[in-house]
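Read the structure below first, then the notes.
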Amino acid sequence: MRLKRQGKLPVPGWVDTVKTGVSRELPPQSEDWFYVRAAAVALRKTVGVGRLRKTHGTAKNRGTRPSKHVDASGSVDRKILQALEKIGVLEQDEEKGGRRITQSGQRDLDRIAQTCAEAEEEDEDEE
């Protein structure tokens, strides 16, 4: 939850009331869901709104009819991409379209992974 501790990620005011897709009945119950999804998006090398909608989509309960896959909300994914772009983790990719991770964003992810690995090694040594 490094994104939350830093406090740099701009979080929209509607995160506690918005549904994340058509197939959902209620908004997410976790208060940190915006940060968790932003972290999941930051881990991808290249990403666009369409791909994220498919990835975050889920099956819609259609009553007696069979369930079908429904894409997630594009607005939520777009706002996450814009927020990550604002803090310098992602940048526009003119060649392929969509967004890609910046060098500073990759460096931050590598640093976080290294500290997690070191903490895990310490836990194994204690046992």
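Derivation of every value follows stated rules applied to the coordinates shown; laboratory data play no part. Only a predicted model underlies this, so the values are computations on that prediction, with no experimental measurement involved. Here Cβ is always computed from backbone atoms with ideal geometry, including for glycine, and neighbour counts include all displayed protein chains.
Given the peptides 18-26, 63-71, arrange them by the average over their residues of other C-beta atoms within 10 Å, most packed first.
Those peptides, ordered most packed to least, come out 18-26, 63-71.
Using the count of nearby Cβ atoms within 10 Å as a rough guide to exposure, how do Asp125, Asp77, Asp93 rank from fewest to most?
Fewest to most other Cβ atoms nearby, the residues stand as Asp125, Asp93, Asp77.
Which whole-angstrom value gives the distance between the alpha carbon centres of segment 23-56 and segment 82-120?
The distance from the Cα centre of segment 23-56 to that of segment 82-120 comes to 16 Å.
In terms of the ratio Rg/(2.2 N^0.38 Å) built on C-alpha atoms, what value belongs to the chain?
1.23
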